[in-house]
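The values are calculated or read from the model by the stated rules, or taken from the named source; none is laboratory data. Since the structure is predicted, the reported quantities are computational estimates derived from the model, not experimental observations. Heads up, the Cβs are rebuilt from the backbone with ideal geometry, glycines too, and the neighbour counts pull from every protein chain shown. Just the protein is used for accessible areas: all its heavy atoms, side chains included, with ligands, DNA and RNA removed. Shrake-Rupley method; radii C 1.70, N 1.55, O 1.52, S 1.80 Å.
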Amino acid sequence: MTTSDIGDLAARLRRLEDHEEIRRLKHIYQDGVDSPWNTERTMDVAGFVARVFTDDVVFIAPVDADATMTRVDGAAALTEFLTAHHSRSAFSIHFVANELVEIDGDEASGQWSVLVPGRDPDGSSWYAARYVETYRRTGRGWRISRSEQFVALSTPAAPWRIMPPRGSL
């Protein structure tokens, strides 16, 4: 193997590791925004935001069954927004798939399809959307610097029946 081949191999390995870290970051995000519907866990929202987002994050997301969008700027405001989300959400679970991630040095872009059933005091809903995001490598690892959802459908549903919590098998 030549020095050039080793350099190319190292660069390819770095891209694969970066891609996997961004995938894991997205899954940590999805788990963190899901309401704790089937567990006794309490959410450290500020710690979660620090683990997943840059300090200057821009976050654009739907806030109701009509897909009314809101924009949140900065980690402190996002902590407040997600704290409110957890206080009013009886149930939500995000299913993401079809990721397309492009890495360019310490910056990356990506998109993900998402399906989200949810329930809050106003009733139940189901929506499908696409996340379009940018990521930045920081001294703490990859973080989401911008996340915007483009809602494709949002439909109210009859109230979901939420199953009682249970222990693992």
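Quick one: length gained pulling D104 to L153 fully straight, 0.36 nm per residue minus the C-alpha distance? The partial results should precede the final answer.
Details: separation 49, 0.36 × 49 = 17.64 nm, distance 3.17 nm.
So the chain would gain 14.5 nm between D104 and L153.
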- prompt: Helix 75-88 sits at what angle to the longest principal axis of the chain, using alpha carbons and giving 0 to 90 degrees rounded to 10?
  reply: 40 degrees
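Over the chain, with the other protein chains present, what is the accessible area per residue in square angstrom, probe 1.4 angstrom?
On the way: 9750 Å² over 169 residues.
That works out to 58 Å² for each residue.
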statement: Taking every other residue with Cβ under 14 Å from the Cβ of G32 and scoring Lys and Arg +1, Asp and Glu -1, one gets +2
query: What is the local net charge at E80, summed over the other residues whose Cβ is closer than 15 Å to its Cβ (Lys, Arg +1; Asp, Glu -1)?
result: -1
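Considering only protein heavy atoms and a probe of 1.4 Å, how much of the accessible area of the stretch 1-60 is carbon and sulfur, as a whole percent?
Numbers: 1950 of 3600 Å².
Of all accessible area on the stretch 1-60, carbon and sulfur atoms account for 54 percent.
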- prompt: What fraction of the DSSP beta bridges in the chain is antiparallel, stated in percent and rounded to the nearest 5?
  reply: 90 percent
query: Residue separation times 0.36 nm, minus the C-alpha to C-alpha distance between Q111 and D31: what's the value?
result: 27.1 nm
task: Report, to the nearest 10°, how far helix 3-33 tilts away from the longest principal axis of the Cα atoms in the chain, using its own Cα long axis and a range of 0 to 90°.
output: 10 degrees
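Could you give the length gained by full extension between D8 and A128, i.e. 0.36 nm per residue of separation minus their alpha carbon distance, to one decimal place?
Details: separation 120, 0.36 × 120 = 43.20 nm, distance 3.90 nm.
Answer, rounded to one decimal: 39.3 nm.
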- request: Would you mind checking the radius of gyration and Dmax of the chain based on alpha-carbon positions, in Å?
  value: 17.9, 64
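Between T68 and R24, what is the FRET efficiency for a Förster distance of 41 Å, r being their Cβ-Cβ separation, to the nearest 0.05?
Working: r = 31 Å, r/R0 = 0.75.
The computed FRET efficiency comes out at 0.85.
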query: With point charges of +1 on the Cβ of Lys and Arg and -1 on the Cβ of Asp and Glu, referenced to the Cα centre of the chain, which listed residue (W112, I60, S154) lies farthest in the positive direction of the dipole?
result: S154
